[in-house]
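Some notes on the structure that comes next.
Taken together, the values in this text are just the output of simple stated rules run on the coordinates, not laboratory data. Keep in mind the model is a prediction, meaning the values are calculated, not measured. Neighbour counts run over all protein chains shown; Cβ positions are idealised from the backbone, glycine included.
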Amino acid sequence: MIRVGAVSRRELFKRLGLAGAGALLLPELDRVLAFQRDLKAAAPAGALTASEAATLAAVCARLIPTDDNGPGAAEARASVYIDRALTGWLAPSREAYTIGLAAIDDAARARGAKPFVDLAAAERDAVLRSIEDTPFFALVRTHTLQGTFCDPAYGGNANFVGWDLIGYPGVRLNVTAADQRMGSPIAAIRRSAYDYAMFAAGAH
């Protein structure tokens, strides 16, 4: 079990098998493409209330924190990805988020009469450790990882900070012999897969 704050981010990624972006599990293709069409048509409003969204943002920020290694889930806007997805393919999880985020606030208030967003980082970590064996913790951790490392078309990985964090150079339609020799760092391609016509066509 990953313990919040107990391991480095490098160790977290190693345990979760995030050596490359291919480790991310995305939902069924038809639901992903439908959600991606909605994002291209217009950015949907989130499903969460303002209070829930603030709590979720604070939770995500502690699961993959900003530190000396670089930006984390906050900069990647992982919570925005989750909030938007709750209007689409994650809609079946909406009630779980209502209950789970309320439980996190209750746990925070039980410790110091403050909501989760008003706690210091160490206190937030303590609250998250107290629920890390619950199904909701597993759910929000999974979605935070998705929102941090997904293709930016889904609303997360803002400015490609997630890909930069794990050294993923971006989608490539062609890998040269020089790239395969790995003799030098591969130049990053900051493009969504859906910026390529061959992938965008599949979303129609």
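Summary of computed values
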{"quantity": "Under the Debye formula (equal points on every Cα, no solvent term), log10 I(q)/I(0) of the stretch 45-204 at q = 0.12 Å⁻¹", "calculated": "-0.59"}
{"quantity": "Förster radius 35 Å - calculated FRET efficiency between Ala91 and Thr66, Cβ distance, rounded to 0.05", "calculated": "0.75"}
